[in-house]
Amino acid sequence: MTSTVGFGIDIGGSGMKAAPVDLSDAGKLLADRYRISTPTPATPDAVAEVVVELVQHFDWAGPVGIALPSVVRSGVVHSAANIDDSWIDVDAKALFSSVLGHEVVVMNDADAAGVAEMSFGAGVGRDGVVMALTFGTGIGSALFVDGHLVPNTELGHLEFRGESFERWAAASAKKREELSWKKWAARVSTYVQTIDALFSPDVLIVGGGASKSADKWVPFIETRPEIVVAEFANSAGIVGAAMASNGS
Ligand code: BGC
């Protein structure tokens with residue numbers, strides 16, 4: 001029988017967070033999530049050491065799901081926008097399973113967050129084309145067609161004015177340039193209008209760290225598709241990774 005408890009780790013540009021998750025009960029975290037700052041530089045070995053610490057903190061002995069801010073295909077990392085460049089071509093699944101001695105599943109962080117929202121949060125019951133976007137250090141994207149994920153879409157890296165859209169419209173740009181919520185929401189509007197022109201989503205789920213303050217910026221977004229706010233905010237990546245650890 002498959003266990004109904006999974007364990008997820010979300011590796012971000014500034015923090016690495018983990019928790020066991022009850023997958024039979026709406027993706028509820030079974031303990032407060034534990035956070036350790038992402039090491040600098042965030043090399044594969046340094047990150048792997050923290051992964052071990054996170055797992056030991058919970059005395060977890062089962063399979064582990066790990067979300068990374070990268071394109072991940074068959075466990076291998078193929079991009080590194082907000083983590084160290086030395087991740088490129090690393091077999092993350094092999095690395096983490098060898099340091100942990102556990103079964104490991106590795107996936108993109110926005111895909112993990114999107115899967116959590118589709119299964120237990122803002123995307124439940126949404127068919128058609130759903131685009132989940134995370135606004136944090138970067139912009140992550142997860143595209144669903146009738147509930148099926150199209151992985152590794154990386155739409156934060158659409159080009160805008162000669163650079164990545166995420167450089168201009170991620171939550172980190174708001175902080176870096178000290179933009180008001182309204183000014184930043186205008187940038188997000190430009191971004192989601194571009195997403196709409198390319199993908200015509202029925203629904204946009206907006207998540208990531210910035211969704212904790214959704215009332216300050218989401219009402220200012222001007223775009224055609226329906227917008228819903230992610231329900232798991234910053235825990236979505238953990239929940240989606242935990243689902244993957246459990247084969248869900
Ligand atoms: C990365 C994506 C990631 C997103 C959010 C981007 O810079 O390329 O893989 O999903 O940031 O963390």
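Observations on the structure shown:
- Within the stretch 92-199, chymotrypsin sites (Phe, Trp or Tyr not before Pro) in DSSP loop having at most 15 other beta-carbon neighbours inside 10 Å: none
- Other residues within the sphere of radius under 13 Å centred on the Cβ of TYR191, judged by their own Cβ, net out at -1 (K and R +1, D and E -1).
- The chain: Cα Rg divided by the 2.2 N^0.38 Å rule of thumb: 0.95
- Rounded to the nearest 20, the size of the Cβ-charge dipole of the stretch 125-230 about its Cα centre is 520 debye, with Lys and Arg at +1 and Asp and Glu at -1.
- Selected from HIS148, PHE96, LEU158, residue furthest toward positive end of dipole (the chain; charges at beta carbon): LEU158
- Note on ARG73: accessible area is roughly 140 Å² with a 1.4 Å probe, heavy atoms of protein only.
- Accessible solvent surface per residue of the chain, calculated while the other protein chains remain in place, 1.4 angstrom probe, Å²: 43 Å²
- Of all accessible heavy-atom area on the stretch 1-62, the percent that carbon and sulfur account for (1.4 Å): 48 percent
- Taking amide H as placed 1.01 Å from N in the peptide plane, PHE160 has its amide H under 5 Å from the amide H of PHE165, each at least 5 places away in sequence or on another chain.
- Pairs of Lys residues in the chain are counted when their Cα atoms are under 22 angstrom apart and they lie 8 or more places apart or on different chains; the count is 16.
- Calculated P(r) of the stretch 125-230 - Cα pairs past 22 Å, %: 22 percent
- Rounded to the nearest 20 debye, the dipole size of the chain about its Cα centre is 700 debye, using +1 on the Cβ of Lys and Arg and -1 on the Cβ of Asp and Glu.
- Counting DSSP beta bridges with both ends in the stretch 96-248, the antiparallel % (nearest 5): 55 percent
- Calculated [222 nm] ellipticity per residue, helices only, for the chain: -9500 deg cm²/dmol; basis is -39500 (n - 2.57) per DSSP H run with n ≥ 4, divided by all residues, nearest 500.
- Taking label positions 7 Å along the Cα-Cβ direction at both GLN193 and VAL150, the computed distance is 2.3 nm, reported to one decimal.
- Estimated inter-spin distance, SER3 and PHE220, nm [label 7 Å along Cα→Cβ]: 4.5 nm
- Exposure rule at most 16 other beta-carbon atoms within 10 Å, DSSP loop GluC sites (Glu not before Pro): the chain longest free segment: 1-102
- Computed over the chain: relative contact order in percent, which uses C-alpha pairs under 8 Å that are six or more apart: 23 percent
- Accessible area of the stretch 101-146 belonging to carbon and sulfur atoms, whole % at 1.4 Å probe: 51 percent
- FRET E, pair SER200, HIS78, Förster distance 35 Å, beta-carbon r, rounded to 0.05: 0.80
The values are calculated or read from the model by the stated rules, or taken from the named source; none is laboratory data. Everything quoted here is computed from the prediction, not taken from an experiment. Neighbour counts are summed over all protein chains in view; Cβ atoms, including those assigned to glycine, are modelled from backbone coordinates with ideal geometry. Just the protein is used for accessible areas: all its heavy atoms, side chains included, with ligands, DNA and RNA removed. Shrake-Rupley method; radii C 1.70, N 1.55, O 1.52, S 1.80 Å.
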